[in-house]
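Participant: Can you read through this structure? Questions will come right after.
The values are calculated or read from the model by the stated rules, or taken from the named source; none is laboratory data. It should be emphasised that the depicted structure is a prediction, and the values quoted were computed from it without experimental measurement. Note: ideal-geometry Cβ built from the backbone for every residue, glycine included; neighbour counts use all protein chains shown.
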C-alpha cells in the first residue's frame, strides 16, 4: 500500500508494515525504506504497483470463495515478472500450509496512529472469526526477511491500541507468512518505554524523510 497523503495538520503518513520495517532495520536499510516511501508518496497511487498487492488480494479472494488453492494458483500464474512470480510461488506454498488461519472473513475498519511528526496507517489485511466465535484481525508480513520480534511487537501494540476502531473485541495476529509463524499478543504489559520508543522512531523516520526529500 502506498503512503497516504494527509492534510497539513497531520503531516506525513506511512503504512504499518513500512514503519515496522524501519523500526528494526540497519542504517542502510532504514535509508532505503525511507527513500522508497518518498518515491511512492510522490507518485499517483496505483494498487497493482505495490509488489505484494496482488498476493494479498488473492488471499482475501480465496477466503471469500472458500477456494484458497485456486486463488493461489491464479495469482502465481498471472505474475509475468520472474522475481515477483518466484516470490508469489514461495508465499503461496506457505500460506496454503497455514490452514488454521483459513477462517470465515468478517468486516473490519482501519485507524491512524498520529504522532507529532508522523502518522502510521493501521490497516489489517483481513479479519476472521473461528468456529468458537473468537475474532482475529490479521496483518501479513510477506517480505523474505524474517519479521523481527520488536517489529512484530510494535505492529501488535498499534493494532491493540486502535482495536476499538478496527474490530472491537478482536485479537491481533501478525503473521510472518514465509516463516509460517503467528505472532500473538501476550498478557504481559508492554515494556516500560516501548510506546515512547516507537514515537521517537517515528520522529526519526520523519526527519530522514524531510532531509532526503529536500
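Participant: Report, by residue number, each residue of the range 31-72 that is out of contact with any helix residue (DSSP H, G or I) (no Cβ under 8 Å at 6 or more places or on another chain), in a helix (DSSP H, G or I), at pLDDT 95 or above and surrounded by fewer than 17 Cβ atoms within 10 Å (Cβ to Cβ).
Facilitator: 60, 64 - these are the residues of the range 31-72 that are out of contact with any helix residue (DSSP H, G or I) (no Cβ under 8 Å at 6 or more places or on another chain), in a helix (DSSP H, G or I), at pLDDT 95 or above and surrounded by fewer than 17 Cβ atoms within 10 Å (Cβ to Cβ).
Participant: Of everything in the range 169-214, what is exposed (fewer than 15 other Cβ atoms within 10 Å of the Cβ), assigned to a loop (DSSP other than H, G, I, E, B) and modelled with pLDDT of 95 or more? Give them in sequence order.
Facilitator: 169, 179, 180
Residue by residue, here is whether (1) within 21 Å of residue 176 (Cα to Cα); (2) buried (at least 16 other Cβ atoms within 10 Å of the Cβ); (3) under 18 Å from the mean Cα position of the chain (by Cα) holds:
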| site | (1), (2), (3) |
| --- | --- |
| 75 | yes, yes, no |
| 79 | no, yes, no |
| 94 | yes, yes, yes |
| 127 | yes, yes, yes |
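Participant: Further question on the same structure: Which of (1) in contact (Cβ under 8 Å) with a residue 12 or more places away in the chain; (2) out of contact with any helix residue (DSSP H, G or I) (no Cβ under 9 Å at 6 or more places or on another chain) does residue 178 not meet, given it meets every other one?
Facilitator: Unmet condition: (2).
Participant: Collect the residues in the range 129-146 that are more than 11 Å from the chain's Cα centre (by Cα) and either crowded, with 20+ Cβ neighbours inside 10 Å or assigned to a strand (DSSP E or B) (or both), keeping them in residue-number order. Before you say what the answer is, go through the steps one by one.
Facilitator: Residues of the range 129-146 more than 11 Å from the chain's Cα centre (by Cα): 129-137, 144-146.
Correct list: 129, 135, 136, 137.
Participant: Now a separate question. Can you list residue pairs whose Cβ atoms sit under 6 Å apart, with the first residue in the range 184-211 being free of Cβ contacts under 8 Å to residues at least 60 places away in the same chain and the second being in a loop (DSSP other than H, G, I, E, B) and exposed (fewer than 14 other Cβ atoms within 10 Å of the Cβ)? Count only pairs 6 or more apart in sequence or on different chains.
Facilitator: Listed pairs, sorted by first residue: none to list.
Participant: Being closer than 26 Å to residue 175 by Cβ, at pLDDT 75 or above, in contact with a strand residue (DSSP E or B) (Cβ under 8 Å, 6 or more places away or on another chain) and surrounded by 11 or more Cβ atoms within 10 Å (Cβ to Cβ) is the requirement here; does residue 20 meet it?
Facilitator: Yes, satisfied.
Participant: Is it fair to say residue 116 is within 20 Å of residue 171 (Cα to Cα) and in a loop (DSSP other than H, G, I, E, B)? Steps first, answer last, please.
Facilitator: Details: within 20 Å of residue 171 (Cα to Cα): no; in a loop (DSSP other than H, G, I, E, B): yes.
No; evaluated as a whole, the condition is false for this residue.
Participant: Examine the range 2-13 for a residue that is modelled with pLDDT of 75 or more, part of a helix (DSSP H, G or I) and buried (at least 17 other Cβ atoms within 10 Å of the Cβ), and state whether such a residue exists.
Facilitator: So far as the range 2-13 goes, no, none of its residues is modelled with pLDDT of 75 or more, part of a helix (DSSP H, G or I) and buried (at least 17 other Cβ atoms within 10 Å of the Cβ).
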